[in-house]
Structures are given as structure tokens and as C-alpha cells.
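Have a look at the structure below, then the notes.
The values are calculated or read from the model by the stated rules, or taken from the named source; none is laboratory data. Nothing here was measured: the structure is a model prediction, and the numbers come from that model. All Cβ positions, glycine included, derive from the backbone under ideal geometry; neighbour counts span all protein chains shown. Just the protein is used for accessible areas: all its heavy atoms, side chains included, with ligands, DNA and RNA removed. Shrake-Rupley method; radii C 1.70, N 1.55, O 1.52, S 1.80 Å.
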Amino acid sequence: MKIAIIGAGFSGIAIAWHLLNSSLSSAKIVIMDSKKIGYGTSGIATGLLHPYAGAHAKLNWRGVEGVEATKKLLEVASDTLKLPVIAQNKGILRLALNDDQVLDFQRCAKSFHDVEWLDPGHCQQIVPGCALAPGLWIKNGLMVYSSLYLKGLWKACEQLGAKFEQKTIHSLKETAEFDITIVATG
């Protein structure tokens, strides 16, 4: 079986890793992107990993499971490169910069045990020099070196036989030679 994955960012490379470690491990997997591996939006992402994304800090659907699965991929990338891909794992502070965020972040802190509402003074202690504002402390949040993570996970995929083609796909007809085409573009 031949599988094309269009998009060489977080999703495309994670899909390739999953397929290479599934019952489809013998498939020929080709990732295609108009740029190099991780050179699109994923490569410039801030690398903040936690399940409370968005302006309202609501727990994403299956967010906890997604973070746990991503931690396993981070470990694969680190092991492959023999370098840490996590910049720091001391938590993430999200400052509440308007009245709606204050209410939303307080609601989040009341609902979940892995986050804490902090007054401006506590925020300053955690991140000296930050704006004088209250915030949501996400205790298990991670900061990831995005480009290093993508490099490591791609290298792991490549070691299992995945190939990369730098090309722009204008139509899915261009992937007609493949049995399956997966679109994983940002």
C-alpha cells in the first residue's frame, strides 16, 4: 500500500509516525510539502503544550489525552536526536488581559485541579517582569522547541522508511498513484 500525507508539520509527521507503528507499518509512506519538514506554520509555533487553548482557556475536547499522546511523541523525538526537545516543564502562565479572560480563567481554575488562579503579585513571582495582571497557572504545561521536535520526530519516521518529497500539490489528482491520500495542512 502507498500512502501520501500532504503536510510536513505537527499533524503530518505525527500521522506518519502513527501509521509506521500500526498494522500499516509495511506501507510506503511519503510526506509531501511545498516547504521543507517543519518549515510551515508548525515550525514557527511557540511550542506551548497544554489542553487549555483559546482565549477562554476551555479544556479542549480530548485535550488531556492529546497532551499525553504528544508527550510520547516528544520522547521519541528526544530519544532519536539524543537531545531534549522540551525547553522547560515548569508550567505555563497565561495572563488575563481583559475582564472576559478574568472570568473565564477563574472558571477554569475552579473546574480543574491542574490549573490555579493567581493574583498579579504571584504572576510577577513566577515570571518577573511580566505585565502586572492576574493569570492562570497551568501546572503541567510544557514549552517545546517546536523545530527541534519536528526534526526529531521526522528523523524517527525516516528511520522507519518514510520518505519526503518537497513539492506543491495543486490537486489531489496529483496523488492518484497512492492508495490513500491524507491531507494534514494547517
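Of note:
- Contact map, region 66-91: residues that are more than 12 Å from Leu142 (Cα to Cα) and among the hydroxyl-bearing types (Ser, Thr, Tyr) paired with residues that are part of a helix (DSSP H, G or I) and open to solvent by 50 Å² or more (accessible area, probe 1.4 Å), Cβ distance under 7 Å, separation 6+ or inter-chain. Pairs shown: Thr80/Lys155.
- Region 42-65: number of residues that are surrounded by 14 or more Cβ atoms within 10 Å (Cβ to Cβ) and either among the small types (Gly, Ala, Ser) or more than 11 Å from the chain's Cα centre (by Cα) (or both): 12
- Test for Asp99: is it free of Cβ contacts under 8 Å to residues at least 12 places away in the same chain, open to solvent by 30 Å² or more (accessible area, probe 1.4 Å), farther than 30 Å from Leu24 by Cα and acidic (Asp, Glu): yes
- Residue in region 53-70 that is over 25 Å from Cys157 (Cβ atoms), in a strand (DSSP E or B) and touching a Pro at 6+ places or on another chain (Cβ under 8 Å) present: no
- When Lys72 is tested against (1) open to solvent by less than 90 Å² (accessible area, probe 1.4 Å); (2) among the basic types (Lys, Arg); (3) under 13 Å from the mean Cα position of the chain (by Cα), exactly one condition is not met: (1).
- Pairs where the first residue, in region 125-139, is closer than 11 Å to Leu97 by Cβ and the second is of a type in the set (Gly, Ala, Ser) and part of a loop (DSSP other than H, G, I, E, B), C-beta under 7 Å, 6+ apart: Ala133/Ala96; Pro134/Ala96; Gly135/Ala96
- Restricting region 26-41 to residues that are touching a strand residue (DSSP E or B) at 6+ places or on another chain (Cβ under 9 Å) and not in a loop (DSSP other than H, G, I, E, B) leaves a set whose member that is most open to solvent (accessible area, probe 1.4 Å) is Lys28.
- Restricting region 158-172 to residues that are charged (D, E, K, R) and under 17 Å from Lys2 (Cα atoms), the residue that is least open to solvent (accessible area, probe 1.4 Å) is Glu165.
- The residue that is most open to solvent (accessible area, probe 1.4 Å), among those in region 102-157 that are in a loop (DSSP other than H, G, I, E, B) and among the aromatic types (Phe, Trp, Tyr), is Tyr145.
- Residue count, region 165-186 (criterion: touching a Gly at 6+ places or on another chain (Cβ under 8 Å) and in a loop (DSSP other than H, G, I, E, B)): 3
- The set of residues in region 82-101 being in a strand (DSSP E or B) and small (Gly, Ala, Ser) consists of Ala87 alone.
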